1. Between beta-carbons, use under 14 Å as the cut-off and find the net charge around Asn119, counting Lys and Arg +1, Asp and Glu -1.
2. How compact is the chain by the rule of thumb for globular proteins, expressed as Cα Rg over 2.2 N^0.38 Å?
3. Ignoring ligands, DNA and RNA, what percent of the accessible area of the range 46-178 is carbon or sulfur (1.4 Å)?
4. Work out, step by step, the length gained on full extension between Ala16 and Arg151: first 0.36 nm times the residue separation, then minus their alpha carbon distance; give nm to one decimal.
5. Using a Cα-Cα cut-off of under 23 Å, which lysines could be cross-linked to Lys177, ignoring same-chain neighbours fewer than 8 residues away?
6. If you roll a 1.4 Å probe over the heavy atoms of the protein chains, what accessible area per residue do you get for the range 49-178, in Å²?
7. With the chain treated as a Gaussian network of Cα nodes joined by springs under 10 Å, which of Val157, Val54, Val130 yields the largest mean-square fluctuation?
8. Using Cα positions and a limit of under 26 Å, work out the lysines in reach of Lys47, with same-chain residues fewer than 8 apart set aside.
Amino acid sequence: MLLEGELVRLRALEPADAERIHAFVTDPEVGRWMENDHPLSLAQVRKRCEDRAVNTYEKVVLGIEAKAERKLIGVIDLRDAEPEVGEAYLDVYIGDAEYRAGGGYGTEALRLMCRYGFNNMRLHQITLWVVAGNEVARHVYRKIGFVEEGRHREAFVGLDGQRHDMILMSMLKGELKW
């Protein structure tokens, strides 16, 4: 499966992506807003990449590739999809610092994945959780059509050990802003 925009291509992850993914998940700036249970070695990330289950309706995990450079810059997924209710949860990160702020790479990846979820997976709603302090992500989510629905107080523990609120956001089919 390949989804393509002007800036990014969403594609299946390959075992050869393990080193890039390891660099992303060990970057403190990326990990700042992610739920990281324990540090992962490169060997563990390689094993995960090699053993990765095939993409299914329930979970679609794709690499975000900068199209011009053909370089993996992040990961995006739709998970826990339920055909009975037409809902899935979205996770995304841009792991390469060079592509994080202001270039439109994350925004385009989100739009492509949401369009895929609504059109190909026939979802009615896409939901996500974001740390309240992650204003950059919250801005992008609102810009493409996500609406804040609720707050889970002090549900996220940051790398610094501090607790932060989590914001529940969702988008219904027809609300995606392109």
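The values are calculated or read from the model by the stated rules, or taken from the named source; none is laboratory data. Bear in mind the structure is a predicted one, so any value in this text is a computation, not a measurement. Neighbour counts run over all protein chains shown; Cβ positions are idealised from the backbone, glycine included. The protein model used for the area step is the full one, side chains on, heavy atoms only, and it has no ligands, DNA or RNA in it. Shrake-Rupley method; radii C 1.70, N 1.55, O 1.52, S 1.80 Å.
1. Working: positive: Arg111, Arg115, Arg122, Lys173; negative: Glu175.
Counting the neighbours of Asn119, the net charge comes to +3.
2. Values: Rg = 15.6 Å, N = 178, 2.2 N^0.38 = 15.8 Å.
Expressed relative to 2.2 N^0.38 Å, the Cα Rg reads 0.99.
3. Numbers: 3270 of 7080 Å².
With neighbouring chains kept in place, the figure for the range 46-178 is 46 percent.
4. On the way: separation 135, 0.36 × 135 = 48.60 nm, distance 3.81 nm.
Here the segment from Ala16 to Arg151 would lengthen by 44.8 nm.
5. Partners within reach: Lys67, Lys143.
6. 52
7. In the Gaussian network model the winner is Val54.
8. Lys59, Lys71
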